[in-house]
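Below is one structure, written out as structure tokens; comments come after it.
The values are calculated or read from the model by the stated rules, or taken from the named source; none is laboratory data. Just so it is clear, the model here is predicted, and its values are computed rather than measured.
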Amino acid sequence: MKFINYLTSIAGIDIYPMISLFIFVIFFSVVTFWALSVKKEQITELEQIPLKNDQVSINP
């Protein structure tokens, strides 16, 4: 028996692709809105996070 036959036998399975599409569209919209509205100073600060050497961690 093929996998698709298992999916067609589940009642209400057709709603899951719509829910996942809805979640993707909402997430993409929020990330796009944030990327377009963030200030340049904050982007510069976030760019420098990996390069900061304020705290030196010493591993024993």
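Structure notes:
Matching residues to (1) part of a helix (DSSP H, G or I); (2) on the phi < 0 side of the Ramachandran plot; (3) at pLDDT below 90:
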residue: MET18; (1), (2), (3): yes, yes, no
residue: ILE23; (1), (2), (3): yes, yes, no
residue: PHE28; (1), (2), (3): yes, yes, no
residue: VAL31; (1), (2), (3): yes, yes, no
residue: ALA35; (1), (2), (3): yes, yes, no
residue: GLU41; (1), (2), (3): yes, yes, no
residue: PRO50; (1), (2), (3): yes, yes, yes
residue: ASP54; (1), (2), (3): no, yes, yes
residue: PRO60; (1), (2), (3): no, yes, yes
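- Within the stretch 3-16, the residues that satisfy the criterion of being assigned to a helix (DSSP H, G or I) and not hydrophobic (A, V, I, L, M, F, W, C) are ASN5, TYR6, THR8, TYR16.
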